[in-house]
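Engineer: Below is a structure I'd like to ask you about.
Nothing in this text is a laboratory measurement; each read-out follows from the coordinates by a stated rule. Bear in mind that the values here come from a model prediction, so they are computed numbers and not experimental data. With ideal geometry, Cβ positions are generated from the backbone for all residues, glycine too; neighbour counts draw on all protein chains shown.
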Amino acid sequence: MNLPQEPCTWASPASLSWTQGYAALGEDFHTRVAAQALPSPFWVATSAGLARELGWPEDWATRSDWGSLACFSGGTPWPGMDPIATVYSGHQFGVWAGQLGDGRALLLGEVATPAGTSLELQLKGSGRTPYSRMGDGRAVLRSSIREFLCSEALHGLGIPTTRALAVVGSDLPVRRETVETGAVVTRVAPSFVRFGHFEHFAHHDMPEQLRSLADYVIERYYPACRDAANPYAALLEQVSVRTAELMAAWQAVGFCHGVMNTDNMSILGLTIDYGPFGFLDAFDPGHICNHSDHQGRYAYNRQPHIALWNLHALAQALLPLIGETDDALQALESYKTAFPQALEARMRAKLGLQQALPQDRQLTDELLRLMAQDRVDFTITFRRLGRFSTRAGADNTAVRDLFLDHAAFDAWAARYRERLAQEGCSDPERRARMDLVNPKYVLRNHLLEVAIRRSAAGEHDEVKRLLEVLERPYDEQPEHEAYAGFPPDWATSIEVSCSS
Ligand code: AMP
Ligand code: MG
């Protein structure tokens, strides 16, 4: 008989079990460097859900014997931690940028979880490293709250992402456009390896290191590739598929990353490096969330194309290992099948359709066209569509009134009603299914702005409340209705740039 097991919790940091993972690759891959502690640190927020997954006790952040604040502000590391900054390179805005690397991040180590997996812990904003170039090695409170909340929000949405365990604030002045204060985010992921890590060793003509890195990634994260005729081509194919699935997931919830440089692409297909991201409000397919992106390279509707561009850069880097160009190109082809398949499946689910029919694509495209034409709110439209009634004569005002062109919506709704009739399922059953894929709550910029402003004034409750709401984005939370409303007029004046 299988009895439910108590979640395992570790008694103290000293009892945690650390793995020599990335660090064991050797000195060509990283530099050992100590964090620079934030002065007078304080907790801004922590993720209880993630701490549970790590098997840490509920009061891990506040127990005096854990020394958590000192550790995650870059002060005293826990026993077993061995901080390193890793080196990578990459293409930024389509141009080779040369060597980059963890300029303000430190990998603390890789720790075992009760589930038998292991996760890397990383500080971001903990001071200069050999890869800081002109930067100060710091992160400001504003961008740290953005990264913390959005990591956990995407996780809540079921989208692959690096996680965030905590934000620690400080009174340390940090200069950006104005003087702000410094903070440190603790990020957590199975691995922080980026496309740019591979590009680094390929570009610098270090074939042995390139092979070690690929073998490490295959061994640890893509073990099935070991048995393929060409393991490196198989790796490229698997990464292409995961990236395709990630893009479909982003597009389906209206998430814009903002800086899809190759150094911001995870080899595990995780969302990584939250900067000037945004969720769509009024639907504009060409929406550019990053104020510094003047050409719109990373606009919402270009993300899937850019992901493939980035995969080509990865393929180029892996070519010395793969051998034949044709094998690399063939591996990339998998993206071209996996992405539309994944997106169509998600869009079908958003419309509440269970069977796949050839005309579904047209039905979806037509809805998106109308939504774009009338600039209706992306999230609210899909959520309200779940309440669409197929009853004869039902006017479906709640969703219909979002559109300016009522006649066009009615024509679409007639086809939608017909299509739903073919499925033959009840409205309440369809609604329940649609509510599981059409979130009610997304991390809109104006919600973040309010939380950041309050936090900067010393009140961190709003960050905590937003975290709570966004951990359950598909649930009706009547007490939090205000977080599901249309953005206020001032939201259009929010400008988010690369400054962080
Ligand atoms: P990002 O645009 O945030 O992905 O960063 C690109 C590169 O710049 C990475 O190598 C970062 O580590 C580095 N970087 C960004 N901001 C800073 C900073 N304030 N100090 C040092 N390095 C930074
Ligand atoms: Mg980055």
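Engineer: If you put +1 on each Lys and Arg Cβ and -1 on each Asp and Glu Cβ, how big is the dipole of region 401-497 around its Cα centre, in Debye rounded to 20? Intermediate values should be presented prior to the final figure.
Structural biologist: Details: 13 positive and 20 negative charges, 52 e Å.
Result for region 401-497 is approximately 260 debye, rounded to the nearest 20.
Engineer: What is the Rg over Rh value, at two decimals, for region 13-192, using alpha-carbon atoms and the Kirkwood definition of Rh?
Structural biologist: On the Cα set of region 13-192, Rg over Rh gives 0.95.
Engineer: Can you pull the semi-axes for region 351-435, root of five times each eigenvalue of the Cα gyration tensor, sorted largest first, whole Å?
Structural biologist: Equivalent ellipsoid of region 351-435: 19, 14, 13 Å, largest first.
Engineer: Tell me which GluC sites (Glu not before Pro) from region 302-405 have a DSSP coil assignment and no more than 14 other beta carbons within 10 Å of their own.
Structural biologist: E324
Engineer: What ranking of I380, I145 emerges when the number of other C-beta atoms within 10 Å of each C-beta is taken as an exposure proxy, fewest first?
Structural biologist: With the fewest neighbours first, I380, I145 line up as I380, I145.
Engineer: Treating only the Cβ of Lys, Arg, Asp and Glu as charged (+1, +1, -1, -1), what charge dipole size does the chain show about its Cα centre? Round to the nearest 20 debye. Present the calculation step by step, with values, prior to reporting the outcome.
Structural biologist: Numbers: 46 positive and 61 negative charges, 101 e Å.
Around 480 debye, computed over the chain.
Engineer: Moving to a separate point now. Local charge sum around A356 (other residues, Cβ-Cβ under 9 Å, Lys/Arg +1, Asp/Glu -1)?
Structural biologist: On the way: positive: R348; negative: E344, D360.
It works out to a net charge of -1.
Engineer: If I model region 445-493 as equal point scatterers sitting on the Cα atoms and use the Debye formula, what is log10 I(q)/I(0) at q = 0.13, 0.18, 0.25 Å⁻¹?
Structural biologist: Computed log10 I(q)/I(0) values: -0.32, -0.61, -1.02.
Engineer: Give me the net charge of E471's neighbourhood, meaning all other residues with Cβ under 13 Å from the Cβ of E471; Lys, Arg count +1, Asp, Glu -1.
Structural biologist: +2
Engineer: Tell me, what ³J(HN,Hα) does each residue in region 459-465 have, in order and in whole Hz, if you take phi through Karplus 6.51 cos²θ - 1.76 cosθ + 1.60 with θ = phi - 60° and put x for Gly and Pro?
Structural biologist: 10, 9, 4, 5, 5, 5, 5
Engineer: A further question follows. To make sure I understand, if each residue's beta carbon is the centre and we count other beta carbons within 10 Å, what order do L25, L367 fall in, fewest to most?
Structural biologist: Placing the least packed residue first, the sequence is L25, L367.
Engineer: Also, quick follow-up: Which of the GluC sites (Glu not before Pro) across region 152-225 are loop residues per DSSP, with 11 or fewer other Cβ within 10 Å? Display every interim value, and only then the final one.
Structural biologist: Working: sites: E152, E177, E180, E199, E208, E219; in loops: E177.
In loop regions of region 152-225 (DSSP not H, G, I, E or B), the sparsely surrounded GluC sites (Glu not before Pro) are E177.
Engineer: On a straight-distance basis, which aspartates and glutamates could pair with K464 in a cross-link, Cα separation under 12 angstrom, same-chain partners fewer than 8 positions away excluded?
Structural biologist: Straight-line reach from K464, under 12 Å: E152.
Engineer: What list of ³J(HN,Hα) values in whole Hz, one per residue of region 43-56 in order, does the Karplus curve 6.51 cos²θ - 1.76 cosθ + 1.60 (θ = phi - 60°) give from phi, with Gly and Pro shown as x?
Structural biologist: These are the phi-based 3J(HN,Hα) values: 6, 9, 6, 9, 9, 5, x, 5, 4, 4, 4, 7, x, 8 Hz.
Engineer: Right, next: Going out from 0 in 5 Å bins, what whole percent of all Cα-Cα distances in region 397-472 drops into each bin?
Structural biologist: Bins of 5 Å from zero give 3, 12, 14, 14, 14, 11, 11, 10, 7, 4, 1, 0 percent of pairs.
Engineer: With θ set to phi - 60°, apply the Karplus curve 6.51 cos²θ - 1.76 cosθ + 1.60 along region 382-391 and write out the HN-Hα couplings as whole Hz, x wherever there is a Gly or Pro.
Structural biologist: Calculated HN-Hα couplings, in order: 5, 5, 6, 4, x, 9, 4, 9, 8, 4 Hz.
Engineer: Kindly put D215, D410, D293 in sequence by how many other C-beta atoms sit within 10 Å of each C-beta, fewest to most.
Structural biologist: Working: D215 16, D410 13, D293 19.
Sorted ascending by nearby Cβ count, the order is D410, D215, D293.
Engineer: In addition: Taking amide hydrogens as modeled 1.01 Å from N in the peptide plane, which residues meet the under 5 Å criterion relative to L270, leaving out close sequence neighbours?
Structural biologist: Under 5 Å from the amide H of L270 lies no amide H from a residue far enough along the sequence or on another chain.
Engineer: With all pairs of different alpha carbon atoms counted, what Kirkwood hydrodynamic radius in Å does region 367-500 show?
Structural biologist: Hydrodynamic radius (Kirkwood, Cα pairs) of region 367-500 is 16.9 Å.
Engineer: Convex hull volume of the Cα atoms in region 238-302, per residue, in Å³?
Structural biologist: Details: hull volume 5.2 nm³, N = 65.
Residue-normalised Cα hull volume stands at 80 Å³.
Engineer: Across all directions of projection, what mean area in square nanometres is found for the Cα convex hull of the chain?
Structural biologist: Over every viewing direction, the Cα hull of the chain projects on average to 25.2 nm².
Engineer: Taking the Cα centre of region 129-232 as origin, work out the dipole magnitude from +1 charges on Lys and Arg Cβ and -1 charges on Asp and Glu Cβ, in debye rounded to 20. Please list the in-between numbers first.
Structural biologist: Values: 12 positive and 12 negative charges, 49 e Å.
Value, rounded to 20: 240 debye.
Engineer: Something else about it: Normalised by the empirical 2.2 N^0.38 Å for globular proteins, what value does the Cα Rg of region 99-179 take?
Structural biologist: Rounded to two decimals, the normalised Rg is 1.23.
Engineer: Sequence-distant or interchain residues sharing an amide H contact under 5 Å with H30, placed H: which?
Structural biologist: V87
Engineer: Calculate how steeply helix 406-423 sits against the longest principal axis of the alpha-carbon atoms of the chain, using the helix alpha-carbon long axis, and give the answer as 0 to 90 degrees to the nearest 10.
Structural biologist: Around 80 degrees separate the two axes.
Engineer: Round to the nearest 10 and give me the degree value, 0 to 90, for the angle of helix 325-350's Cα axis relative to the longest principal axis of the chain.
Structural biologist: 50 degrees
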